[in-house]
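What follows is a single structure, written as structure tokens, with notes after it.
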Amino acid sequence: MPATIITTETLDPSIDRASIDREIELRIKAGAIRSWVDETAPKWTLKTEWNVIGENGPAA
């Protein structure tokens, strides 16, 4: 199993960028490796990369 996983959240486009930045900071504080916004979609897409505890390589 991979050592990390990326979660994707689709947020309403009416949410302002400052609110999105606060959400990113919250995920980093919660232990995320990184979090970023994909602005290419018609809605905000917030992606966050997390460590998977106990995993460190491909499945056997």
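The values are calculated or read from the model by the stated rules, or taken from the named source; none is laboratory data. Computed from a predicted structure; not experimentally measured. So basically every Cβ, Gly included, is an ideal-geometry build from the backbone, and we count neighbours across all protein chains shown. Only protein heavy atoms, including side chains, enter the accessible area calculation; ligands, DNA and RNA are left aside. Shrake-Rupley method; radii C 1.70, N 1.55, O 1.52, S 1.80 Å.
With angles folded into 0 to 90 degrees, how steeply does helix 17-29 sit against the dominant principal axis of the chain? Use alpha carbons for both and round to 10.
Taking Cα atoms only, the helix is inclined about 20 degrees.
So if I restrict to the alpha-carbon atoms in the chain, what is the Rg, and what is Dmax, the biggest pairwise distance, in Å?
Answer for the chain, Rg first and Dmax second: 13.4, 44 Å.
Given an 8 Å cut-off on Cα distances and at least 6 residues of separation, report the relative contact order of the chain as a percent.
Once divided by the residue count of the chain, the mean separation gives 53 percent.
Return the carbon/sulfur percentage of the accessible area of the chain, one whole number, probe 1.4 Å, all protein chains in place.
That fraction is 56 percent.
So, with +1 on the Cβ of K and R and -1 on the Cβ of D and E, and no other charges, what is the size of the charge dipole of the stretch 6-60 about its Cα centre, to the nearest 20 debye?
With only Lys, Arg, Asp and Glu charged at Cβ, the dipole is about 100 debye.
Residues with amide H under 5 Å of Ala3's amide H, sequence separation 5 or more or different chain, H placed in the peptide plane at 1.01 Å from N; which?
It is Gly57, by chain and number.
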